[in-house]
1. Return Met127, Met55, Met106, Met1 ranked ascending by Cβ neighbour count within 10 Å, so the fewest neighbours appear first.
2. May I ask you to list the chymotrypsin sites (Phe, Trp or Tyr not before Pro) in the stretch 137-198 that are in a DSSP loop and have at most 16 other Cβ atoms within 10 Å of their Cβ?
3. Quick check on the exposure proxy: order Cys160, Cys102 from fewest to most C-beta atoms within 10 angstrom.
4. I need to check one value: relative contact order of the chain, counting alpha carbon pairs closer than 8 Å and at least 6 residues apart, in percent.
5. So, in nm, how far is label Leu194 from label Lys5 when the simple model puts each one 7 Å beyond its Cα toward the Cβ?
6. Is there a quick way to get the dipole size of the stretch 10-111? I mean about its Cα centre, with the Cβ of Lys and Arg at +1 and of Asp and Glu at -1; what is the value in debye to the nearest 20?
7. By its C-alpha gyration tensor, with a ≥ b ≥ c as the square roots of the eigenvalues, how is the stretch 97-203 shaped: rounded for a/c under 1.5, else prolate for a/b larger than b/c, else oblate?
8. Run the helix sum for the chain: -39,500 (n - 2.57) per DSSP H stretch of 4+ residues, divided by residue count, reported at 222 nm to the nearest 500 deg cm²/dmol.
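Each reported figure results from applying straightforward, stated rules to the coordinates on display, with no laboratory input. What you see is a predicted model; the values in this text were computed from it and never measured. Here the Cβ positions follow ideal geometry from the backbone for every residue, glycine too, while neighbour counts run over all protein chains shown.
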Amino acid sequence: MQIHKATFVISNTDVEKCPSGNRHEYAFIGRSNVGKSSLINMLTNHKGLAMTSSMPGKTVLINHFLVNDEWFIVDLPGYGYARAGKENRDRLKNIIESYILCRQQMTNLFLLIDSRHEPQKIDLEFMEFLGENQVPFSIVFTKIDKSGPVAVKNKIDAYCDKLRETWEELPPIFMTSSVDKRGREDILDYIQQLNALPKIDIN
Ligand code: GTP
Ligand code: MG
């Protein structure tokens, strides 16, 4: 799929104030600093579209971006940033959970995992939460440019083995680098497929 236009629309803390209508919507979630905002900029070919930072905790709102005047990409705050303090963490958790559970337009949630890390409890628990609530999601292993191909493959294989301990079937899996743009076509092709699904009935 070609991306010929991507524009920022609105930032919110309240899911009720997110854009109306029934456009397909794809949200990006994961631990703080995993590379959500960078991936959105890579997918849209738009360097400064989503705000990125080397410091965790950069994105604190629900951010809607309209792509090709047709569908939305949503940048969400990261979860689990220890230094944010309990009050802030709880506030972000509420924003994230209310968005994920209430936003019917969300056709798929991309859950990002750093490809260099061992499976972390916080991500596995988050997946359980998605499963329990029947939220459609895929896994994106990020920052694959930071390791060699064999190391990346071994880490991801081991991660999938861990998931198979609790999941009968694995969700779709993508591997990306926002630096060298690997994985871009795979994700955009997947979104294109999902865009063909019926839209929610909002009447
Ligand atoms: P929060 O908004 O704080 O939750 O973080 P985020 O998940 O949006 O992460 P962000 O995109 O801001 O990236 C965090 C850091 O990781 C930045 O320094 C990015 O440059 C870096 N980064 C993100 N993706 C990649 C990647 O694919 N490869 C490499 N080498 N660095 C990356
Ligand atoms: Mg961010």
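1. On the way: Met127 19, Met55 10, Met106 22, Met1 15.
Listing Met127, Met55, Met106, Met1 from fewest to most nearby Cβ atoms yields Met55, Met1, Met127, Met106.
2. Values: sites: Phe137, Phe141, Tyr159, Trp167, Phe174, Tyr190; in loops: Trp167.
In loop regions of the stretch 137-198 (DSSP not H, G, I, E or B), the sparsely surrounded chymotrypsin sites (Phe, Trp or Tyr not before Pro) are Trp167.
3. Cys102, Cys160
4. Values: 347 pairs, mean separation 48.4, N = 203.
It comes to 24 percent, rounded to a whole number.
5. 2.3 nm
6. 440 debye
7. Details: a/c = 2.26, a/b = 1.39, b/c = 1.62.
It is oblate, given that a/c is not under 1.5 and a/b is not larger than b/c.
8. On the way: 5 runs with 66 residues, N = 203.
Here the helix-only value at 222 nm equals -10500 deg cm²/dmol.
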